[in-house]
Amino acid sequence: EEQQVNLLKHQAMNSLLSPHFIFNSLTSIQNYINTNNGLRASEYLAKFSRLIRMIIEKAAQSNISLFDELSRLTYYLELEKERFKNKFDYEIKLDDSINTNEIFIPNMIIQPFVENCIIHGILPKQEHGKLTISFTKPQKNKLKIIIEDNGIGLIKAKEHSKAGHKSLGTSTIYTILEINSKLSGKKQEVSMTDKSTLDPNDHGTLICIELEL
């Protein structure tokens, strides 16, 4: 019974994330239409439609293949890059030993962190931004996801945000991973670090998601 309750909570967390993601994407479309011509807006809407279809098709799944997650993430990053007029570049790095069709990860755990890096880290800075997402397998049964940006960092981002504000997406992911760990008995955790605490000359945010497969 406890497992059934936890599973329902897990599914509820996923359903909470999907509308959150769609809302932000719709805002991106609205801004793009207001500032660009019809042809570019149409192209943007076409990408968004493909993205929405992927979200709807996978919404009920607790886990998603890494292949599908990378496809969905690429669509999202392309849309955001267009929306913010190439304010940032992004790179997705994948270890050669990883078969993206064989690895399954919790649904919707990467995008909210990427979104926060863009909105709260990269956009507030004047310089051009860079976002890197790396996937490695330090061990046969472990997947490590590193999300890194050269934005203003967690400390300054918190100073800029409203008092008491907490991202719905990222706080929900902590809950998802916690419940998932209890359900599967496999360790799943995330940590966030301001890069200036590691090197005073560095700046940005470092997010590490570790999943036991």
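Within the stretch 121-135, can one find any residue that is open to solvent by less than 50 Å² (accessible area, probe 1.4 Å), more than 17 Å from ILE64 (Cα to Cα), part of a helix (DSSP H, G or I) and touching a Ser or Thr at 6+ places or on another chain (Cβ under 8 Å)?
Yes: the stretch 121-135 contains one or more residues that are open to solvent by less than 50 Å² (accessible area, probe 1.4 Å), more than 17 Å from ILE64 (Cα to Cα), part of a helix (DSSP H, G or I) and touching a Ser or Thr at 6+ places or on another chain (Cβ under 8 Å).
Is it fair to say ILE92 is closer than 25 Å to GLU189 by Cβ, surrounded by 14 or more Cβ atoms within 10 Å (Cβ to Cβ) and at pLDDT 90 or above?
So ILE92 does not fit the description; no.
Please name all residue pairs, on different chains or six or more residues apart, with Cβ atoms under 8 Å, provided the first residue is in the stretch 41-62 and is over 22 Å from LYS85 (Cβ atoms) and the second residue is in a helix (DSSP H, G or I) and modelled with pLDDT of 85 or more.
MET54/ASP68; MET54/SER71; MET54/ARG72; MET54/TYR75; ILE55/ARG72; LYS58/ASP68; LYS58/ARG72
Any idea which residue in the stretch 32-44 is modelled with the highest pLDDT, counting only those that are part of a helix (DSSP H, G or I) and surrounded by 14 or more Cβ atoms within 10 Å (Cβ to Cβ)? Reasoning before the result, please.
Of all residues in the stretch 32-44, those part of a helix (DSSP H, G or I) come to 32-35, 38-44.
After this cut, where a residue has to be surrounded by 14 or more Cβ atoms within 10 Å (Cβ to Cβ) as well, the list is 32-33, 41, 44.
Values: TYR32: 76, ILE33: 81, ALA41: 80, TYR44: 84.
Here the answer is TYR44.
The values are calculated or read from the model by the stated rules, or taken from the named source; none is laboratory data. Predicted, not measured: the structure shown is a model, and the values here were computed from it. Because the Cβ atoms are built from the backbone with ideal geometry, glycine has one as well, and the counts that use them run over all protein chains shown. Surface accessibility is based on the protein's heavy atoms, side chains included, excluding ligands, DNA and RNA. Shrake-Rupley method; radii C 1.70, N 1.55, O 1.52, S 1.80 Å.
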